[in-house]
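Just below is one structure, and these are the notes that go with it.
The values are calculated or read from the model by the stated rules, or taken from the named source; none is laboratory data. For clarity, every value in this text was computed on a predicted model and none was experimentally measured. Cβ: placed from backbone, ideal geometry, glycine included. Neighbour counts: every protein chain shown.
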Amino acid sequence: MTEIPDVYMDLLLEKRAFAHLATVMPDGSPQNTPVWFDFAGGKVRVNSALGRTKVRNMKQGAKVALSIMDPDNPDRYVQLRGTVTGVRQDDVAAAHIDQLAHKYLGLDKNPYAKAGDVRVMFEISVFSVQGMS
């Protein structure tokens, strides 16, 4: 796992920046989605609902990339490339989306939740960091 330089840590820990998550489709073509994320235990964590394209693409061991632009300075960003090293589909994953709703919306519960959604949380171990600060 690669250490992320301190100059980018505000984008991961303090700001409400969205990440653009790139995954790889079964045919090898790229797929890109803006996502909420957080950073805990040295890993980037994202959350989605079972049945979505990114969930199908993000199996254990899958390679992904995230670009995170500073919401206060669009010329500043960090790109992280990593490997999916954890996949959870349990109460922790269900609680995680509410934590992200708090970070991004200031709400205790995800207002976009649908009855029957099964939440999946992915942990991504970073192996490459590039950016502009």
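Quick notes on this one:
- Within the stretch 87-133, the set of residues being farther than 22 Å from I68 by Cα, surrounded by 18 or more Cβ atoms within 10 Å (Cβ to Cβ) and not aliphatic (A, V, I, L, M) comprises R119 only.
- Listed by first and then second residue, the pairs with beta-carbon distance under 9 Å, at least 6 apart or on different chains, first residue in the stretch 14-41 and in contact (Cβ under 8 Å) with a residue 40 or more places away in the chain and hydroxyl-bearing (S, T, Y), second surrounded by 14 or more Cβ atoms within 10 Å (Cβ to Cβ) and part of a loop (DSSP other than H, G, I, E, B), are T23/M58; T23/A62.
- Residue in the stretch 117-128 that is among the charged types (D, E, K, R) and not in a strand (DSSP E or B) present: yes
- Residues of the stretch 84-120 satisfying the condition of being of a type outside the set (F, W, Y) and within 20 Å of L11 (Cβ to Cβ): H96, Q99, L100, A101, H102, K103, L105, G106
- Of all the criteria given as (1) part of a loop (DSSP other than H, G, I, E, B); (2) within 29 Å of D6 (Cβ to Cβ), the one not satisfied by H96 is (1).
- Identity of the residue in the stretch 42-56, touching a strand residue (DSSP E or B) at 6+ places or on another chain (Cβ under 8 Å) and free of Cβ contacts under 8 Å to residues at least 40 places away in the same chain, that ends up nearest to Q79 (Cα to Cα): K54
- Scanning the stretch 64-74 for residues that are modelled with pLDDT of 95 or more, farther than 17 Å from V35 by Cβ and part of a strand (DSSP E or B) returns a single hit, N73.
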